[in-house]
Every structure is written in C-alpha cells, then in structure tokens.
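*Asks:* Supplied in structure tokens, the structure appears directly below.
The values are calculated or read from the model by the stated rules, or taken from the named source; none is laboratory data. Keep in mind that what you see is a predicted model, and the values were worked out from it rather than measured. Heads up, the Cβs are rebuilt from the backbone with ideal geometry, glycines too, and the neighbour counts pull from every protein chain shown.
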Amino acid sequence: MAAKKKVGRKRINLDPIKVKRLAAQGLSQKQIARSLGVSWNTLNRNRKRSKSFNEAFEQGVADGLDAVTNSLFEQALDGNTTASIFFLKNRDEARWRDRVETTHDHTLSLTNVIDSAKKRLIDITPEPKKITKLDVSE
C-alpha cells in the first residue's frame, strides 16, 4: 500500500529571528506579516502554535520599546528639553501634565431650568400699554 498523503495546505513556518527583529522596529503584527509575505492569520497561527515563536515576537516588542526608552532617557539627561518634558509627562503624569481636568458635580432639575427661564422672560417682558379711547370727533 502507498503512504497516505497529508490533507490540507503545507504548513508555513516563519523565522522567529526575523519576526523578533521586525517587532523590535515597532512594526505591528499586520505589518510584520506583510513584510514576510504571509497573512496575519499565518503569523497569528505560528504565535499560537509555538511558544518559542511567540516569545521571540514579544521579546522583539520589548527590545524595541527598551531601545527607544533608553534613547529618550539619554537625550533628556543630555539636556534635550523636549525629551525631558516628554519623559516627565509620561513617567510622572500626576505632577507633569499640560491640562488640569475639572469635574462638575452640578445636578440639573428640569423644573428649576424651566422656572429660571420663566423668570427671565417675565423680567424682560414690557408692561402692557393701556389703550385709551380715541377722540373721533374730528
């Protein structure tokens, strides 16, 4: 008897080193898949199938973030004011931010709004003029 053929598509194995390098450059999963010439589903299947492949992807993401963070920190230490501001705003948001958020705890009552509007209307409504009899004798 002849050996049975496998059914389905041929498995596409991706190189974890390439994926790690691309992830470190800040590419999204979709962009990584495109650059490797496969679909997002193929990349995702490889991540689910192989723990080492998924770890390579996650390590690449962490390496890229680490490199950019270190570069930003070095620039801030070297006196780059913009880098210093950006670093502080993102690391200590409670003390370094551009805007102050204000909350309003006013409760509105429709009755109060209508009554207030009526008072304003009454205040600006002119007094009605009294009509006097006209002298039509002329």
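*Asks:* Residues in the stretch 86-95: is at least one farther than 26 Å from ALA23 by Cβ, surrounded by 14 or more Cβ atoms within 10 Å (Cβ to Cβ) and without any contact (Cβ under 8 Å) to a residue 24 or more places away in the chain?
*Replies:* Yes, some residue in the stretch 86-95 is farther than 26 Å from ALA23 by Cβ, surrounded by 14 or more Cβ atoms within 10 Å (Cβ to Cβ) and without any contact (Cβ under 8 Å) to a residue 24 or more places away in the chain.
*Asks:* Just to be sure, is ILE32 β-branched (Val, Ile, Thr), free of Cβ contacts under 8 Å to residues at least 40 places away in the same chain and closer than 30 Å to PHE86 by Cβ? Steps first, answer last, please.
*Replies:* On the way: β-branched (Val, Ile, Thr): yes; free of Cβ contacts under 8 Å to residues at least 40 places away in the same chain: yes; closer than 30 Å to PHE86 by Cβ: yes.
Judged against the criteria, ILE32 is a match.
*Asks:* Can you pull out the residues in the stretch 68-116 that are among the hydrophobic types (A, V, I, L, M, F, W, C) and under 24 Å from ALA24 (Cβ atoms)?
*Replies:* So the first thing to find is which residues in the stretch 68-116 are among the hydrophobic types (A, V, I, L, M, F, W, C), and the list is 68, 72-73, 76-77, 83, 85-88, 94, 96, 100, 108, 110, 113-114.
Listed by number, the residues that qualify are VAL68, LEU72, PHE73, ALA76, LEU77, ALA83, PHE86, PHE87.
*Asks:* Quick test for you: out of LEU22, LEU14, LEU27, pick the one residue that is farther than 28 Å from SER71 by Cα and surrounded by 16 or more Cβ atoms within 10 Å (Cβ to Cβ). Talk me through it step by step, then tell me what you get.
*Replies:* Numbers: LEU22 fails: farther than 28 Å from SER71 by Cα; LEU27 fails: farther than 28 Å from SER71 by Cα.
Result: LEU14 is the single residue among LEU22, LEU14, LEU27 that is farther than 28 Å from SER71 by Cα and surrounded by 16 or more Cβ atoms within 10 Å (Cβ to Cβ).
*Asks:* Counting just the residues of the stretch 37-59 that are over 18 Å from GLN25 (Cβ atoms) and of a type in the set (Gly, Ala, Ser), which one comes out surrounded by the fewest Cβ atoms within 10 Å (Cβ to Cβ)?
*Replies:* SER52
*Asks:* For the stretch 97-107, indicate whether the set of residues that are closer than 30 Å to ALA76 by Cβ and either at pLDDT 80 or above or surrounded by 10 or more Cβ atoms within 10 Å (Cβ to Cβ) (or both) is non-empty.
*Replies:* For the stretch 97-107, residues closer than 30 Å to ALA76 by Cβ and either at pLDDT 80 or above or surrounded by 10 or more Cβ atoms within 10 Å (Cβ to Cβ) (or both): present.
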